[in-house]
1. Please turn the phi angles of segment 163-170 into ³J(HN,Hα) values with the Karplus equation 6.51 cos²θ - 1.76 cosθ + 1.60 (θ = phi - 60°), one per residue in order, whole Hz, x for glycine and proline.
2. Please list the non-local residues whose amide H lies under 5 Å from the amide H of LEU169, H modeled 1.01 Å from N, same-chain partners needing a gap of 5 or more.
3. Over segment 260-303, give the accessible area per residue in Å² for a 1.4 Å probe, as an integer.
4. Can you give the FRET efficiency for LEU48 and LEU155, using 1/(1 + (r/R0)^6), R0 = 22 Å, r = Cβ-Cβ distance, to the nearest 0.05?
5. From the cross-link list LYS58/LYS146; LYS58/LYS223; LYS146/LYS217; LYS199/LYS223, which pairs have alpha carbons spaced over 25 Å apart?
6. Suppose the chain between LYS146 and HIS91 were pulled fully straight at 0.36 nm per residue; how much longer would it get relative to their current alpha carbon spacing?
7. Once amide H atoms are placed 1.01 Å from N in the peptide plane, what residues at a sequence separation of 5 or more from CYS181, or on another chain, have their amide H within under 5 Å of its amide H?
8. Limiting things to C-alpha atoms, what are the Rg and the maximum Cα-Cα separation (Dmax) for segment 114-209, in angstroms?
Amino acid sequence: MVLNGSETVSVVSTTATVNGTGSLSDGLDWPYITLTAIVSSLSIFGGLGITFIYVLYKDLRTPGRRLLVYLSLMDALTAFGNILGVIWLIHRDSSVIHKSMAYCKIQSGMTIYSSISSFSWTVIMGLSLVFSIVRSSPSFASKYMKLFHIISWILPATITIIALSTNILGYDTTLDQPSWCWIDPRVPHALFWQFFTGKFWEICTYIATVVLYSMVKVFLWRKASPVIIHTKKTRKAALQEANLKLTFVPVVFIVFRFWGTLRFLLGFFAHDYASSGDSRWIAILQGIGDSIQGFANFVFYVCLTEQVRKRIFSSIRRKKPDTQTIFSETGPSHSRVGTVQTEHCNNSIKPQ
């Protein structure tokens, strides 16, 4: 039997005791509830904040930031599903919630859809970055936007509809810890359904993210390093910031999502430990990691992006912002990093 470990949809708790000390709510449940609820709320705020900034400032409505908005909305939806999961845990004895699988299935479908869509937009952002910098094709995102919509909206919807119509959704009632409402491990071919409804797409996103962002980093290093010593310090700093951001994106994504994957693998290879109360700390980290993506995007693309901060502050102060080319839709036309256009590289990473 494989432990549910990908979609943090709804959370249930068995009535088993942990080390004879009482019910689960007397153990690590409240830290899980508190941390997951706080992080999920921050992610919802972050996703809505990115969307609000995109709508408010016309000069930020570039194809790259449009992709970021779609990603942020899906991360916010996942976080909302996790908050509903916390409600499930708190009110697990309620006749409306606990005895009705409709609540569980609706939440499962919601986060299966949002998670797979989020994975898709993550890969698409990396792919657009590669074409913008490595292939000097900044219009790539605009050109294939319709295809991106088909992949990122219709594919997850199809998978979700199949999951809902085959009656495979549920939760593991054998665990001495919070359990995700995702795939019922008692259904035939449960492992296949767990991969099909999330884990396969998550692992593919790990690989694709590392490969795509590594391609850009290698390109920047090979093209810019021969002349970097002759550039101004400001350009050198810009290139260093670009490289830092390229490292940040895949590392943060994998570190946050790793705990769900770890729990999934432990459920497959060490189910006794994974289903015991001793591994409940992994459930807490998974609740945080699977919920924090939207907030991480806000911090990375808003708080840590100087040009966006200046744009917001200048608006607050009611001064005319200096947009220049930093908010242009496609960036400078001569975007080859071989000419040491470090400003363009840095803007492409924000994204454009």
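1. 5, 5, 7, 9, 6, 10, 7, x
2. Residues meeting the amide H criterion: ASP184.
3. Numbers: 1480 Å² over 44 residues.
Accessible area per residue, segment 260-303: 34 Å².
4. Values: r = 25 Å, r/R0 = 1.12.
So, using R0 = 22 Å, E works out to roughly 0.35.
5. Values: LYS58/LYS146 21 Å; LYS58/LYS223 33 Å; LYS146/LYS217 28 Å; LYS199/LYS223 36 Å.
Among LYS58/LYS146; LYS58/LYS223; LYS146/LYS217; LYS199/LYS223, the Cα-Cα distance tops 25 Å for LYS58/LYS223; LYS146/LYS217; LYS199/LYS223.
6. Values: separation 55, 0.36 × 55 = 19.80 nm, distance 4.21 nm.
Roughly 15.6 nm would be gained on extension.
7. VAL9, SER10, VAL11, VAL12
8. Cα-based Rg and Dmax for segment 114-209 come out at 16.8, 54 Å.
The values are calculated or read from the model by the stated rules, or taken from the named source; none is laboratory data. In this text, all values refer to a predicted model and were calculated from it rather than measured experimentally. Glycine also receives a Cβ, built like all others from the backbone with ideal geometry; neighbour counts cover every protein chain displayed. Please note that ligands, DNA and RNA were not included when accessible areas were found on the heavy atoms of the full protein model with its side chains. Shrake-Rupley method; radii C 1.70, N 1.55, O 1.52, S 1.80 Å.
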